[in-house]
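Each remark here refers to the structure printed beneath this line.
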There are 4 protein chains.
Amino acid sequence: MSEISATTAAMKTNNNKEKQIGIGIIGYSIGKAHANAWTSLSRYYYPSKLKPKLVAISGRIKDKVELEAKKFEIEKTYSEWEKLVNDEEVTVVDNCAPPSIHAEPMIMAAKLGKNLVCEKPLARNAKEAKAMLEAAEKAGVKHLTGYNYRFLPAVNLVREMIQDGTLGEIYYFKTAYLNVNEGYDDPNFPFGWHHDPNVAGYGALSDLGTHALDLARFLVGEITSVSAASATFIKERPLEEGSTKKGTVGVDDVTISCLKFKNGALGILEAGWVMAGRTDFLRFEVYGSKGTVRYNLERINELDIYFSSDPKRTSGFRNVLVVNKAHPFLKNFWWNQGGGFGWEHTFVNELNHFVNCLAEDMPISPQGATFYDGYRNCLIMDAIMESAKSERWTNIPSS
Amino acid sequence: MSEISATTAAMKTNNNKEKQIGIGIIGYSIGKAHANAWTSLSRYYYPSKLKPKLVAISGRIKDKVELEAKKFEIEKTYSEWEKLVNDEEVTVVDNCAPPSIHAEPMIMAAKLGKNLVCEKPLARNAKEAKAMLEAAEKAGVKHLTGYNYRFLPAVNLVREMIQDGTLGEIYYFKTAYLNVNEGYDDPNFPFGWHHDPNVAGYGALSDLGTHALDLARFLVGEITSVSAASATFIKERPLEEGSTKKGTVGVDDVTISCLKFKNGALGILEAGWVMAGRTDFLRFEVYGSKGTVRYNLERINELDIYFSSDPKRTSGFRNVLVVNKAHPFLKNFWWNQGGGFGWEHTFVNELNHFVNCLAEDMPISPQGATFYDGYRNCLIMDAIMESAKSERWTNIPSS
Amino acid sequence: MSEISATTAAMKTNNNKEKQIGIGIIGYSIGKAHANAWTSLSRYYYPSKLKPKLVAISGRIKDKVELEAKKFEIEKTYSEWEKLVNDEEVTVVDNCAPPSIHAEPMIMAAKLGKNLVCEKPLARNAKEAKAMLEAAEKAGVKHLTGYNYRFLPAVNLVREMIQDGTLGEIYYFKTAYLNVNEGYDDPNFPFGWHHDPNVAGYGALSDLGTHALDLARFLVGEITSVSAASATFIKERPLEEGSTKKGTVGVDDVTISCLKFKNGALGILEAGWVMAGRTDFLRFEVYGSKGTVRYNLERINELDIYFSSDPKRTSGFRNVLVVNKAHPFLKNFWWNQGGGFGWEHTFVNELNHFVNCLAEDMPISPQGATFYDGYRNCLIMDAIMESAKSERWTNIPSS
Amino acid sequence: MSEISATTAAMKTNNNKEKQIGIGIIGYSIGKAHANAWTSLSRYYYPSKLKPKLVAISGRIKDKVELEAKKFEIEKTYSEWEKLVNDEEVTVVDNCAPPSIHAEPMIMAAKLGKNLVCEKPLARNAKEAKAMLEAAEKAGVKHLTGYNYRFLPAVNLVREMIQDGTLGEIYYFKTAYLNVNEGYDDPNFPFGWHHDPNVAGYGALSDLGTHALDLARFLVGEITSVSAASATFIKERPLEEGSTKKGTVGVDDVTISCLKFKNGALGILEAGWVMAGRTDFLRFEVYGSKGTVRYNLERINELDIYFSSDPKRTSGFRNVLVVNKAHPFLKNFWWNQGGGFGWEHTFVNELNHFVNCLAEDMPISPQGATFYDGYRNCLIMDAIMESAKSERWTNIPSS
């Protein structure tokens, strides 16, 4: 089903309610960044077409939920997500919980006609993700998967240069997301839900690599097959800080894969969370027949661009600060020229886009990632892990 | 008068009112960054000790004032700053107007017992600044000059390393603030108040150089004498975009100065706003007997640090991403480790510091810049311009 | 057969002759860098243990051979390599010809008891390489494959840090050699021997990737299996500049591969010669449990090193200029501290090492690459290309 | 007297002898770099127009002189420079001794009709330098001052872009030469001739700053006045390593100066040899009305160039690798494209230029620095030191 028709259906159901768009957030970790964006987007892009109101937040640990509720002036708190989803004032369910708590709430919310925002990865595996996508499409609601880096000005400048042919035929796309998370390079860093496949799906792949794969699709297009390897270097971790009881890490510390794109380009993906020295190294390079670009999230507003057409005497990578009114998203962004755009604004842009799409019945995609994109991403991750086991190139189903 | 006793006086006068601290903002340009910070600081540092409420905003152009008022949900708008200053609900007057409108409102507000925030430079010259300082001290109110870069995590890490001796004796401090503002390298960019000495005081020096001089004082200490040169390269500009009528630029495009510090260090200052390729290049390097650091605002969270004590085999500038809980301001900052801290958060930190000082009767200085710092800064700028004319080293009065 | 015993055999055969070591060079392209190194090594490392004398040079094009001969004051020129190999004055045959002319001359020279230097890749495939290795070992002569980047100070600093445990357990090694050669990104760049598999073996893989694979083995150890993809983007080229007659490119423009190392590390290799903006991008990154290093030949003397043990407050990649007496090769190198070491000195170091090994009957390996290393490298390249076809992980034979 | 007429005179005197151009080198420290260049220049630029022959070398310490003589196959060694200067076979006297031994040998050699190469600074002060210039001009011989960085490809690319107007009107030129020499940041590094004003003239200024000043003149033009400050931070040093006997450092550790250029540009010079973390940091930035360039010798072949005319969407500093045939000096340089050009080749280019000028009676200037340039440089250094004392702007005599 095309996204546009889904959109139309969504408007039929929700149009009236959207004037007083009510947000319910499940989870308080990355949930903070969402809450901040919902709260402030109407200031950054004034006037916003709909005014989001934070209605409710849910989470397991009462103290933490209440703290976030006070911080963001949210009236209602729930310990069970079911109540949040069923809250009539909630018209958008924003799922910031771990992957194991993605499918059920989203499917229930879809059935209730709520619009859907879900953090990445959409699910633990493609099967779950497909059920979510189908529920959303059936309900005709808006659905967005939280690939917030689609909303970086630099990334969009790259996309424009690929789409308008500036970079020519794309030969090669390499991407990596490497870091140490909050200290995963230390074997004494305790076991958490990220290390548990039942909660997280995969490890570094679904925590980090999934972002890089989404950028691959956003920028270069569909991936048709993969050949991967994966390893767990720190095989067990203390169950709590300082504890001698250990939990077995059931997920990958490092996963790498060769990629083949539908358009003939080759690619490489690297994901790793035990990579000393890397803080937030989401990197990509795009090599085309007419030029090359490279990007690193650690320098969030910088993009290096090389044009083959420049005279040899003065050709070189241009270190472009993607911070002025000529750049995507920034024409109407309210800081003046300069280093104003930061990480939190990726969420502002993302949720503002969602709000605009609700208000004007516009498709979320291709600027934003839908559940379809979330599902495709899961298909690729599943194939990567299958390939790592089978030691063969593995095809991604085309639908 | 010491700042501490001023503080005590301030609390006598204002203590009761401060529970419902009411902010009035004069000006809507950099005023946006202030309004955003006042609005959001209690979320970033929850719970804040006092809850700022944006009470009023004033400015010359009615439409623009009202737009900002709506954006930030400010009830009252004024076309004349006098009314804002006299508004009883306003207990903090936050002056975001051009320098020529600094002294009068601040002095009037001081007399009314209001606490004071004033953008940089504090005034067009030291004489004006001194009157403002005296008024604030006499009134016993809190006063802050808007040198927001004192609130960068990286800058504070440098300050700690100087103060605790990590860098040893400081030999040399070089700093530059170079950019093209919104397009000043283009001779067709129209004449504005920044080009008019009656409004701005000086040009690149008081728009940009003043920040660099404040960092010099914040990091290395008092400057005792200067020897400078100054030039205006684009001598006239169209009065309006596309107009053939020209205005004569009465201020400096580039100003440079050698500096001598009280502690024996040498220094260099550069300020320029016609510097092609520079976007927001606030740069400094500190050379000490035990190490060196360098910083560039264009890479807001990076600091390069060299320690002489490192073994020669593996010594080199460390490219430190100043983004984790070990770094100044970030322990309780609510983003997780990573690239969360951006330009707008310098204002959040600055005004949050102001709020904390009000709430707990703590001195603004040395973390924040007071009107005393603003006055010293004006003294140095006056000396620089005098030196550029006299072609001699010029001493800065010690008080 | 171990290399040491081969060495002993070599000395028996050659010891007397070596005093007047006579060099014969086949080929004049990279041959220039060799000739320069042979000529100057005794100045850089004075006194050298043996004094190389350039005796003869051979090549197909008479004018070019004579030009190089005059430039380097070489008395004899040959149009046929057979004569050079058989020249009695020649005791070292230095093969700088294309891969298709590697096996025959080297095997003949070995049989004549000459010591052997051969440019990389050692041969067009492992079968040829094996024959060369066997001939060299049987003859008991010294043999070196021209992986000159083993002789970079920065690379050796990395090797030391891996071998002494400074970087801990190696998790991940990524390496790339990307460039545009002399203009291969331009489809009008004419067809040359590099594009002909009968001469070159493979394309970007054996021109560039082979260097990166050698560094992988030199730094991390043996590779046990690979999974690769390969593509030719510019499928035909004019036979001569401006010609409408086209030659079909029979080799890879881009080849990528996942790698598994014997010690459990994962790895990635990238080779490409149509990569706009890349000039001489031989890059590697080594991620270990205790730190990370990264290197780029385009900044030949820089090495970025991260130590996990540094305090979080001041940790970051150290940008080490590998240019002083504390660094490998530089203690006795005759430039003072500073940027003295350049690309041509990799050959100086390499051939000086060869001379030292001859003089003192020391093994070429592990500092230098032997024909064994050249053979292993060919085995890996063959496996990569086989894997790219079979779409399966392919094992590298252990011997 | 114009240089061209001097050249003609030189040729009258020396023309016949030059076929067998005989080089005599005074000093063996930087002398090594000269000897290497004389020896190898005919290989890099084959065929050279004249073949230099190293005839003699002189120096105080017999062992060191003889070592260098053997290394470079120089037949004659002298302990006294007078004998070398008077050696009939010597037609070019290449003075690599400390500044205090510059004037006498050069003047004597000029009188004998020898051509002159002299390391920088030309003399300890302008008075000495003037006498040298006059002697050279009177004798009608060729004279070159050893500002080898005029022969960097990147520097010449900048010069071309200034001369052809690419960068527009030059607004501002900043330059610095900062390092720690061989360890001067360590107070225990022993006293040497560089610390003695009777031998060296000045300290960091004449060791390092002089190079930066030459680039200022080479790129931007004459300097008309200066205002400076200077400091000695490490006031005494052990006379020998580990000794308790101390020598008083009589020269500057750090010298900084504002500059005014004849063409209206402003400038800054920094020189310092106690600057931790700096290895060979010869840096300059040129800001013009149409663009900006920046260069750092530590990355010898890189030049960052910004063009104001680039579209804002993709404008940024281009990181140009100045290593290919489109770049100055490299068209006929015999390494292929890539990182071939290193520090030692600045001397190769410089002395090859000298040889070409001798062979074809071409003027050394403006590509090379003559004694006139060396004299002007001394005038500026004298003025800088005078200004540092008088605390006034000091004019440079125009002739």
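The values are calculated or read from the model by the stated rules, or taken from the named source; none is laboratory data. This is a predicted model, so every value here is computed, not measured. Positions of Cβ are generated from backbone atoms using ideal geometry, with glycine treated the same way; all protein chains shown enter the neighbour counts.
Selection of the range B:377-397 for residues being touching a strand residue (DSSP E or B) at 6+ places or on another chain (Cβ under 6 Å) and either part of a helix (DSSP H, G or I) or among the small types (Gly, Ala, Ser) (or both) yields B:ILE380, B:ALA383, B:ILE384, B:GLU386, B:SER387, B:ALA388. Taken together, A:PHE191, A:PHE173 contain a single residue that is among the hydrophobic types (A, V, I, L, M, F, W, C) and surrounded by fewer than 24 Cβ atoms within 10 Å (Cβ to Cβ), which is A:PHE191.
For (1) closer than 26 Å to A:ALA369 by Cα; (2) among the acidic types (Asp, Glu); (3) in contact with a His (Cβ under 7 Å, 6 or more places away or on another chain), each residue gets a yes or a no:
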{"site": "A:ASN148", "(1), (2), (3)": "yes, no, no"}
{"site": "A:GLY201", "(1), (2), (3)": "yes, no, no"}
{"site": "A:ASP207", "(1), (2), (3)": "yes, yes, yes"}
{"site": "A:LEU219", "(1), (2), (3)": "yes, no, no"}
{"site": "A:THR224", "(1), (2), (3)": "yes, no, no"}
{"site": "A:THR232", "(1), (2), (3)": "no, no, no"}
{"site": "A:VAL251", "(1), (2), (3)": "yes, no, yes"}
{"site": "A:PHE261", "(1), (2), (3)": "yes, no, no"}
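Within the range A:84-103, being out of contact with any Pro (no Cβ under 9 Å at 6 or more places or on another chain), part of a helix (DSSP H, G or I) and among the β-branched types (Val, Ile, Thr) holds for one residue alone: A:ILE101. Does D:VAL348 satisfy the condition of being in contact with a strand residue (DSSP E or B) (Cβ under 6 Å, 6 or more places away or on another chain) and either on the phi < 0 side of the Ramachandran plot or in the same structural domain as D:THR145 (by TED's automatic domain parsing) (or both)? No. Within the range B:198-231, if we keep just the residues that are small (Gly, Ala, Ser), touching a residue at least 60 places away in the same chain (Cβ under 8 Å) and part of a strand (DSSP E or B), the residue that is nearest to B:PHE261 (Cα to Cα) turns out to be B:SER225. If the condition is being acidic (Asp, Glu), in contact (Cβ under 8 Å) with a residue 40 or more places away in the chain and surrounded by fewer than 20 Cβ atoms within 10 Å (Cβ to Cβ), then the range D:116-170 contributes D:GLU160, D:GLU169.
Scanning the range C:373-391 for residues that are in contact (Cβ under 8 Å) with a residue 60 or more places away in the chain, touching a Ser or Thr at 6+ places or on another chain (Cβ under 7 Å) and not β-branched (Val, Ile, Thr) returns C:ASP373, C:GLY374, C:ASN377, C:MET381, C:ALA383, C:MET385, C:SER387, C:ALA388. Restricted to strands (runs of 3 or more DSSP E) entirely inside the range B:254-313, those with at least 2 residues that are in the same structural domain as B:LEU213 (by TED's automatic domain parsing) and among the small types (Gly, Ala, Ser) are B:266-272.
Okay, residues lined up against (1) among the hydrophobic types (A, V, I, L, M, F, W, C); (2) closer than 22 Å to D:GLU360 by Cβ:
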{"residue": "D:ALA69", "(1), (2)": "yes, no"}
{"residue": "D:TYR78", "(1), (2)": "no, no"}
{"residue": "D:PRO99", "(1), (2)": "no, no"}
{"residue": "D:LEU116", "(1), (2)": "yes, yes"}
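For the range B:333-348, the criterion of being among the aromatic types (Phe, Trp, Tyr), more than 11 Å from every other protein chain (Cβ to nearest Cβ) and in contact with a Leu (Cβ under 8 Å, 6 or more places away or on another chain) is met by none of the residues.
Condition check ((1) over 18 Å from A:VAL220 (Cβ atoms); (2) hydrophobic (A, V, I, L, M, F, W, C); (3) more than 10 Å from every other protein chain (Cβ to nearest Cβ)) across all residues:
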position	(1), (2), (3)
A:LEU259	no, yes, no
A:LYS262	no, no, yes
A:GLY272	yes, no, no
A:MET275	yes, yes, no
A:SER289	no, no, no
A:THR292	no, no, no
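Could you list, in sequence order, the residues of the range A:160-200 that are at pLDDT 95 or above and among the charged types (D, E, K, R)? Those that are at pLDDT 95 or above and among the charged types (D, E, K, R): A:GLU160, A:ASP164, A:GLU169, A:LYS174, A:ASP185, A:ASP186, A:ASP196. You will find that of B:LYS32, B:LYS19, the residue that is basic (Lys, Arg), crowded, with 20+ Cβ neighbours inside 10 Å and either at pLDDT 95 or above or not in a strand (DSSP E or B) (or both) is B:LYS32 and no other.
For the residues D:VAL355, D:VAL323, the requirement of being touching a residue at least 40 places away in the same chain (Cβ under 8 Å) and not in a loop (DSSP other than H, G, I, E, B) singles out D:VAL355. Condition check: more than 14 Å from every other protein chain (Cβ to nearest Cβ) and either surrounded by 24 or more Cβ atoms within 10 Å (Cβ to Cβ) or of a type in the set (Gly, Ala, Ser) (or both). Does A:SER399 satisfy that? Yes. Within the range C:24-41, residues that are away from chain D (no Cβ under 11 Å) and on the phi > 0 side of the Ramachandran plot sit with their Cβ atoms under 9 Å from residues that are assigned to a helix (DSSP H, G or I) and aliphatic (A, V, I, L, M), at 6+ positions apart or across chains, in these pairs: C:GLY27/C:ILE101.
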